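Asker: What follows is a single structure, and I will ask about it in a moment.
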Amino acid sequence: MSTYENCYTILDDIRRSLNEYTAGLLAGTSTSGAFDNDWIARRINRAQRNLHAILFRYLPEEFLTSASLTGVDSVFTLPWDFGAMVGFKNTNNRTVTRTNIHSLPATGSSGSARLYYRKGNTLVLTKSGITDTYTLWYYSKPRDMTQGLCAVSQTLVAPAKVIADYYNGIVLESITGDWVDTITDYTAARVITMATETLDVSDYYGTVSELPEMFHPLIAARAMLICKAEHPLSQEKPNMIGVQAWSAEVEDAILAFAGNRADVSAEDIWTDYGGIGAGGTNIPGQGIVF
């Protein structure tokens, strides 16, 4: 039995709810089913993003974090979990102010180590040559979860990201080995370094969501609604009872987690973002809304 609701156990729950479960389908060794594991995993991560959007609206402080960024000729690369900027501080803890390309120094001018502009996934100071370590304060976003069967020791399998450091700090659970550990380093070749454990060949594993733990069980239920709504071979479509039940669970979880700060109705929670498919969303008292 798993310790956390990791991506592998969420996939297990969804396959059972969709009435398409076999050990082979869950393991990915059988392709006879209508639902592909990678397709379901993408819906799992959409469900995680849906929950994050709701929680961020009412509990943004839960996602406040900081990171030390070292400049490479005044260019600072944002972390992979970067969601929204809060503040940028230099080595003396002084605020570095945002500017834009229309305020860049004229040719021959030196610029400032306390002015930056955003360029793609980087922050760039208007003064060149800076290699100091600055502090970035930001609201994080949850990184995508992944799961699979390890084919090479200490190596994740597709669809794990091929982006260096993407899973750094993520909790991974070995279903086969019955342990939980943290990924301390990750390469673009999908090779991981763990704090204490080793992911062995033929180990089933799943990464754990970065959302607060009490919201983890809600990911599977939301993803299941998305799967039912979007897959053409689904045996049933989402109904009002299922939608209302999920909305009520989210409301209860937020109230239990944060008390009166999140005194919000289930209808408000459900309509914070788009519907679950082309067929619209069942809103209590309103019917189908597109």
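Each value in this text was obtained by applying a stated rule to the coordinates, not by laboratory testing. A quick note: this is a predicted structure, and the numbers were derived from the prediction, not measured. When we count neighbours, we look across all protein chains shown, and the Cβ atoms used for this are built from the backbone with ideal geometry, even at glycine.
Asker: Among the listed residues 211, 172, 199, 233, which satisfies the condition of being touching a His at 6+ places or on another chain (Cβ under 8 Å) and not in a helix (DSSP H, G or I)?
Answerer: Exactly one residue qualifies, and that residue is 211.
Conditions (1) more than 26 Å from the chain's Cα centre (by Cα); (2) part of a strand (DSSP E or B); (3) in contact (Cβ under 8 Å) with a residue 24 or more places away in the chain, marked per residue:
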| position | (1), (2), (3) |
| --- | --- |
| 110 | yes, no, no |
| 123 | no, yes, yes |
| 127 | yes, no, yes |
| 130 | yes, no, yes |
| 142 | no, no, yes |
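Asker: Looking at region 11-24, which of the residues that are crowded, with 17+ Cβ neighbours inside 10 Å and within 13 Å of residue 204 (Cα to Cα) is farthest from the chain's Cα centre (by Cα)?
Answerer: 12
Asker: Can you name the residue in region 5-28 that is in contact with a Ser or Thr (Cβ under 8 Å, 6 or more places away or on another chain), in contact (Cβ under 8 Å) with a residue 12 or more places away in the chain and of a type in the set (Ser, Thr, Tyr) and is also nearest to residue 167 (Cα to Cα) among such residues?
Answerer: 8
Asker: Of the residues in region 156-187, how many are closer than 22 Å to residue 3 by Cα, touching a residue at least 40 places away in the same chain (Cβ under 8 Å) and surrounded by fewer than 16 Cβ atoms within 10 Å (Cβ to Cβ)?
Answerer: The total comes to 1.
Asker: Can you name the residue in region 188-214 that is of a type in the set (Val, Ile, Thr) and within 15 Å of residue 146 (Cα to Cα) and, of all such residues, is surrounded by the fewest Cβ atoms within 10 Å (Cβ to Cβ)?
Answerer: By that ranking, first place goes to 191.
Asker: Next up: Taking region 132-146 only, how many residues are surrounded by fewer than 21 Cβ atoms within 10 Å (Cβ to Cβ), hydroxyl-bearing (Ser, Thr, Tyr) and either farther than 19 Å from residue 87 by Cα or in contact with a helix residue (DSSP H, G or I) (Cβ under 8 Å, 6 or more places away or on another chain) (or both)?
Answerer: 2
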